[in-house]
1. Hey, with R₀ at 22 Å, roughly what FRET efficiency would Lys86 and Glu63 work out to, going by the Cβ-Cβ distance, to 0.05?
2. Among Cys10, Cys30, Cys96, what is the fewest-to-most ranking by other Cβ atoms within 10 Å?
3. Rank Glu36, Glu11, Glu44 by mean-square fluctuation in a GNM of the chain with C-alpha springs under 10 angstrom and give only the top-ranked residue.
4. Through the Karplus equation 6.51 cos²θ - 1.76 cosθ + 1.60, θ set to phi - 60°, convert the phi angles of region 21-32 into ³J(HN,Hα) values in whole Hz; use x for Gly and Pro.
5. What pairs from Lys9/Lys86; Lys7/Lys89; Lys7/Lys93; Lys9/Lys93; Lys18/Lys82 go past 20 Å between their alpha carbons?
6. Per DSSP helix of 4 or more residues, -39500 (n - 2.57); summed, then divided by the residues of the chain. What does that give at 222 nm, rounded to the nearest 500?
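What follows is calculated from the coordinates using simple rules that are stated; it is not laboratory data. Just so it is clear, the model here is predicted, and its values are computed rather than measured. Methodologically, a virtual Cβ is constructed for each residue, glycine included, from the backbone with ideal geometry; neighbour enumeration extends over all protein chains shown.
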Amino acid sequence: MELNVMKDKCEEVASLLKHFSHPQRLLILCFLSNGEQRVSEIHEAVGLSQSQTSQFLKRMQNEGLLGLRREKNNSYYYIQNKDVVKLLKSMQKIFCQ
């Protein structure tokens, strides 16, 4: 790989990895790596206040990491980038088993 391409990729990867540096954000992402979830399910699973959970979700959505789907009175979040899901699954294999 050419050095300039590597530099660009390092910037991209470093930007992506910042999402994993906060324990609660990482927990939310790990939970979402299993698929789309309702906000109430995420809130219950991660044990944060509803306000904190919503703030984390909105921030990650604004940063382009999460997608949002609304259906009637429910909001569903999901990880938009399938490579992020692969990375999370790899980290789970290394650190959680």
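1. 0.75
2. Cys96, Cys10, Cys30
3. Glu11
4. With coefficients 6.51, -1.76 and 1.60, one gets 7, 9, x, 6, 5, 4, 4, 4, 5, 4, 5, 6 Hz.
5. Check vs 20 Å cut-off fails for Lys7/Lys89; Lys7/Lys93; Lys9/Lys93.
6. Roughly -19000 deg cm²/dmol at 222 nm, from the helical runs in the chain.
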